[in-house]
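To start, the structure itself, in structure tokens.
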Amino acid sequence: MKYTKKILEDKRIETVLNMDKKEWEDALTEAYNKNKGKYSVQGFRAGHAPRKVIEKNYGDTVFFDDAINNCFYKYYFEFLSKEKDVEPVAMPEITVNKIDDNGLELVLKITNKPEVTLGAYKGLTIAKEKATVSGDEVEHELLHLRESRVKYEEVKRPVKSGDMTTIDFSGIVDGVKFEGGTATDYDLEIGSQSFIDTFEDQLIGLKKGDKKDVLVTFPENYQEEKLKGKKAKFEVTIKAIKEKHLPELNDAFADDVSEFSTLEELKADTKRKLLENKTKEEKSKSENKLIDLIVDESKMQVPEVMVEAQIEDFIHDFEHRLSHQGLTLDGYLKFSNMTLEVLKNSRREDARKTVKTRLVLEKIIENEKITVTDKDAEEKYNEFNKDGNKKSIAEIKKIMGEEQYNYYENSLLLNKLMKFLISNNNLSADIKEEVAESTANKTTKPKTTAKKTAK
């Protein structure tokens, strides 16, 4: 195989691969041996008809497609092994320029990995807010804890906002009951806004046993096409009214829901945990700001083919997440009144940023010669290995398999990169201070398990 190489105006690389007569004939023979069993020829058992006979019966070009593929995969990768500066980011555009008894000529247009000119990535300072926790935030967290212990007591008064009601209802649109519009013994919290329009508001003031026709209008963007914008009547019966009772916030509550005996201890521990979480969030924000700054200061031309590939990855991941919720992508698009093209375009800028970030980080890794050794992989794996038996790198690779191990190795590489960037830039001083304060709070608010046991 002979080839030529040149750079096109759009920065793609064009290579012309020339396979001579023998190379082309070898490719045709390989295609024939692979596919001859697919063709039926009178007088021959399946898979035993000579190539010339099959070509006579099915056409001279019957094996061309497979033979071209054979040549592409064999000689394209041979080309890449020789041209170390060519790093494709996608499959090339392939054109058959010539094909005859003397050989095959393929023209490949290759989108090469773009050159990245890094800006500063050391000695940068990232401003960040100091992590703090307000009294209101602590009270809000405790409210969630109280709501987890809520109790309901049936009452004889009329319905008011905040009550839990048990109702029967039957929905009617255009004089006909519609599918999914009927239920019995349905628990509905008034004010939760889980029902459309003013449905819940219209139940306020009713008593147990009351019946009422609730009139509402379905929203224009409702997921069910037949109900969009439709006026509906729901025949509703109130079967029970229950008042919500939150437990009182006191020492007894703290003792019941935690390892602490007093409310003050519970509040202190809640504040400590909130502060730890906020500190981690600030740390993550600072790291993201650092990456964004480094990426913004770096220069490159991002190939559109990389952006499109990243969009496809986004869509694939999104479709996977929808499936875990029992939904389909088509169903989501229908519900959202959106086309697939609109969804893809909505992710285009995020995709471009993701590609740019990946290219910049790869360039820093290359510049700083950051690598993951077998020892790194072993130490990290054995740190979390639950069976307690230390594994060698060979055992780890066997357990994980190639694809999972590559993902694992890449995660370790990114962790080493982040440690490098954090140690070479100023973004952690306040974080360390907050962690120290958090630890101090934890030390001065000991658990009181012994006290509880003594009761």
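Quick look at the values:
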{"quantity": "Residues located in region 50-71, provided they are in a loop (DSSP other than H, G, I, E, B) and not charged (D, E, K, R)", "calculated": "50, 59, 61, 62, 63"}
{"quantity": "Any hit, region 1-10, residues being loosely packed, with under 12 Cβ neighbours inside 10 Å, more than 17 Å from residue 94 (Cα to Cα) and not charged (D, E, K, R)", "calculated": "no"}
{"quantity": "Set 256, 210: member being modelled with pLDDT under 95 and either under 30 Å from residue 149 (Cβ atoms) or surrounded by 13 or more Cβ atoms within 10 Å (Cβ to Cβ) (or both)", "calculated": "256"}
{"quantity": "Every pair of residues 6+ apart whose Cβ atoms lie under 6 Å, when the first sits in region 331-344 and is without any contact (Cβ under 8 Å) to a residue 60 or more places away in the chain and not assigned by TED's automatic domain parsing to the domain that holds residue 222 while the second is surrounded by 14 or more Cβ atoms within 10 Å (Cβ to Cβ) and among the hydrophobic types (A, V, I, L, M, F, W, C)", "calculated": "332/322; 344/311"}
{"quantity": "Verdict on residue 75 being aromatic (Phe, Trp, Tyr), at pLDDT 95 or above and either within 30 Å of the chain's Cα centre (by Cα) or under 30 Å from residue 425 (Cβ atoms) (or both)", "calculated": "no"}
{"quantity": "Region 168-207: number of residues that are of a type in the set (Phe, Trp, Tyr), in contact with a Phe, Trp or Tyr (Cβ under 8 Å, 6 or more places away or on another chain) and without any contact (Cβ under 8 Å) to a residue 40 or more places away in the chain", "calculated": "2"}
{"quantity": "In region 356-372, the residues that are without any contact (Cβ under 8 Å) to a residue 12 or more places away in the chain and in contact with a helix residue (DSSP H, G or I) (Cβ under 9 Å, 6 or more places away or on another chain)", "calculated": "358"}
{"quantity": "Residues of region 369-389 satisfying the condition of being among the basic types (Lys, Arg) and either modelled with pLDDT of 95 or more or surrounded by fewer than 12 Cβ atoms within 10 Å (Cβ to Cβ) (or both)", "calculated": "369, 375, 386"}
{"quantity": "Count - residues of region 287-317 that are in contact with a helix residue (DSSP H, G or I) (Cβ under 7 Å, 6 or more places away or on another chain) and either assigned to a helix (DSSP H, G or I) or more than 30 Å from residue 92 (Cβ to Cβ) (or both)", "calculated": "11"}
{"quantity": "Residue selected from region 90-131 under the condition of a type in the set (S, T, N, Q) and touching a residue at least 24 places away in the same chain (Cβ under 8 Å), by the criterion farthest from residue 5 (Cα to Cα)", "calculated": "125"}
{"quantity": "Matching option when the condition is within 20 Å of residue 354 (Cα to Cα), of a type in the set (D, E, K, R) and touching a Ser or Thr at 6+ places or on another chain (Cβ under 8 Å), among 289, 285, 278, 299", "calculated": "299"}
{"quantity": "Residue 86 being closer than 27 Å to residue 355 by Cα, out of contact with any Ser or Thr (no Cβ under 7 Å at 6 or more places or on another chain), among the aliphatic types (A, V, I, L, M) and outside any helix (DSSP H, G or I)", "calculated": "yes"}
{"quantity": "Residues of region 241-253 that turn out to be assigned to a strand (DSSP E or B) and surrounded by fewer than 16 Cβ atoms within 10 Å (Cβ to Cβ), as a count", "calculated": "3"}
{"quantity": "Those residues of region 189-223 which are of a type outside the set (Asp, Glu) and at positive phi, in sequence order", "calculated": "191, 193, 205, 209"}
{"quantity": "Checklist (1) out of contact with any Ser or Thr (no Cβ under 6 Å at 6 or more places or on another chain); (2) surrounded by 12 or more Cβ atoms within 10 Å (Cβ to Cβ); (3) not charged (D, E, K, R) applied to residue 120, failing item", "calculated": "(2)"}
{"quantity": "Those residues of region 214-235 which are loosely packed, with under 14 Cβ neighbours inside 10 Å and of a type in the set (A, V, I, L, M), in sequence order", "calculated": "215"}
{"quantity": "Selection count where residues are exposed (fewer than 12 other Cβ atoms within 10 Å of the Cβ) and part of a loop (DSSP other than H, G, I, E, B), scope region 157-192", "calculated": "5"}
{"quantity": "Counted residues, region 126-156 - those being surrounded by fewer than 11 Cβ atoms within 10 Å (Cβ to Cβ) and over 30 Å from residue 274 (Cβ atoms)", "calculated": "2"}
{"quantity": "Restricting region 259-299 to residues that are touching a Gly at 6+ places or on another chain (Cβ under 8 Å) and surrounded by 15 or more Cβ atoms within 10 Å (Cβ to Cβ), the residue that is farthest from residue 117 (Cα to Cα)", "calculated": "294"}
{"quantity": "In region 95-117, residue surrounded by the most Cβ atoms within 10 Å (Cβ to Cβ) [restricted to those that are out of contact with any Ser or Thr (no Cβ under 9 Å at 6 or more places or on another chain) and of a type in the set (S, T, N, Q)]", "calculated": "111"}
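Yes/no matrix, rows are residues, columns are (1) β-branched (Val, Ile, Thr); (2) free of Cβ contacts under 8 Å to residues at least 40 places away in the same chain:
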{"position": "166", "(1), (2)": "yes, no"}
{"position": "213", "(1), (2)": "no, yes"}
{"position": "225", "(1), (2)": "no, no"}
{"position": "232", "(1), (2)": "no, no"}
{"position": "236", "(1), (2)": "yes, no"}
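The values are calculated or read from the model by the stated rules, or taken from the named source; none is laboratory data. Just so it is clear, the model here is predicted, and its values are computed rather than measured. Please note: Cβ atoms are built from the backbone with ideal geometry, for glycine as well, and neighbour counts cover all protein chains shown.
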